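This report refers to the structure that appears directly beneath it.
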Amino acid sequence: MPELPEVETIRRGLARHIVGRRVLRVEGRAVQMRRPLDPVQIGEALQDQRFTGVRRRGKYLLLDAGSGTLLVHLGMSGQFVLTDTAADRAPHTHCVILLEAGQELRLVDPRRFGFADWLAEGDEAADASLTRLGVDPLDGDLVAHLPCAYKCRRVPVKSLLLDQRLVAGIGNIYATEALWMAGIRPLRRGRDISVDRLETLAKCVVEVLDAAIEQGGTTLKDFVSAEGAQGYFAVRLQAYGREGLPCARCERPLKRAVIGGRATAWCSRCQT
DNA sequence: CCAGTATCCTGCAGGC
DNA sequence: TGCCTGCAGGATACTG
């Protein structure tokens, strides 16, 4: 579900509401997720600690508390729900962090492609998922970095955009949008795109991510922020999910292709 | 090295 | 109505 703009929207919501608050205890059952979930371990680490900050790297969230960090990835279907303790718990609520003042932070994830994993001090720098991540489009100089990372690669540029080791945070929606915006054919290999056009692509990536954050992310079906708000970028999508519909620039029906196992919509006229 | 595929899991839409 | 199939916002471990 969540790509960078959705994760950033969640990060901002969490930062507003949990930083400075103390954890009473943690509930949940051990369950298999992308990494095994161990609520007991998380509870031992978080109990009586206060959250001190919420960071994001690519699509990962890092909730700092006490002497470590809770590393969270929301996979395809993960959600954070911040609510009163009295409210009913949704199915697939795997982990609940009870806070002072009658509120709790719940991790809900039907498909269990996400995870929450406690990283003690020092573990963060060694975590394989994090060390593998490429530049974050909102941190680094993407216009300089993206051409450098893509220009010698034989893989379709669509697959390059989804490769978190090169640039971290782009998923299927925003890869599709950025390529449409930049006028680049998704199947074109990185090495067959001029540095000029790769720079344009980098600018489009930043532009589409910024615009989506501005709208609170994209709600296709079930994305909500930590505060329960939908995102309104879906109405601005020009390519993702629009195969067969007219291109907003030239009116030609958008085509559909599957690249690297992921569906892509693109305009055979505007995208070269 | 690569590119491509299978895999983890549930929910939902669409076809019959 | 009910059953079946395919597909979904992700990441990684295989295969060839």
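Structural remarks
- Hits in region A:246-265 - residues which are surrounded by 14 or more Cβ atoms within 10 Å (Cβ to Cβ) and either within 16 Å of DNA strand B (Cβ to nearest atom) or in a helix (DSSP H, G or I) (or both): A:ALA257, A:ILE259, A:GLY260, A:ARG262, A:THR264
- The lone criterion from (1) exposed (fewer than 15 other Cβ atoms within 10 Å of the Cβ); (2) farther than 26 Å from A:ARG262 by Cα; (3) in contact (Cβ under 8 Å) with a residue 40 or more places away in the chain left unmet by A:PRO91 is number (3).
- Filter pass, A:GLU44 being crowded, with 17+ Cβ neighbours inside 10 Å and either touching a residue at least 24 places away in the same chain (Cβ under 8 Å) or over 20 Å from A:VAL108 (Cβ atoms) (or both): no
- Filtered by the rule that a residue be surrounded by fewer than 17 Cβ atoms within 10 Å (Cβ to Cβ) and either assigned to a strand (DSSP E or B) or in contact with a helix residue (DSSP H, G or I) (Cβ under 6 Å, 6 or more places away or on another chain) (or both), region A:106-123 gives a lone residue, A:ALA120.
- Residue satisfying condition, being under 22 Å from A:ALA126 (Cα atoms) and among the hydrophobic types (A, V, I, L, M, F, W, C), within set A:LEU61, A:LEU105: A:LEU61
- Pairs linking a residue in region A:210-227 that is more than 16 Å from A:VAL108 (Cα to Cα) and away from DNA strand B (no atom under 14 Å from the Cβ) to a residue that is modelled with pLDDT of 95 or more and small (Gly, Ala, Ser), with Cβ atoms under 7 Å and 6 or more positions apart or on different chains, are A:THR218/A:ALA212.
- Of the residues making up region A:76-105, those that are within 16 Å of DNA strand C (Cβ to nearest atom), closer than 17 Å to A:SER225 by Cβ and touching an Asp or Glu at 6+ places or on another chain (Cβ under 8 Å) are A:SER77, A:GLY78, A:GLN79.
- Residue within region A:34-42 that is closer than 24 Å to A:ARG16 by Cβ and either more than 13 Å from DNA strand C (Cβ to nearest atom) or in contact with an Asp or Glu (Cβ under 9 Å, 6 or more places away or on another chain) (or both) present: yes
- Complete set of residues in region A:128-173 that are farther than 21 Å from A:ASP192 by Cβ and either aliphatic (A, V, I, L, M) or free of Cβ contacts under 8 Å to residues at least 12 places away in the same chain (or both): A:ALA128, A:LEU130, A:THR131, A:LEU133, A:VAL135, A:LEU138, A:ASP139, A:GLY140, A:ASP141, A:ALA168, A:ILE173
The values are calculated or read from the model by the stated rules, or taken from the named source; none is laboratory data. Please read all numbers here as calculations on a predicted model, not as lab measurements. Ideal geometry is used to build each Cβ from the backbone, glycine not excepted, and the neighbour counts take in all protein chains shown.
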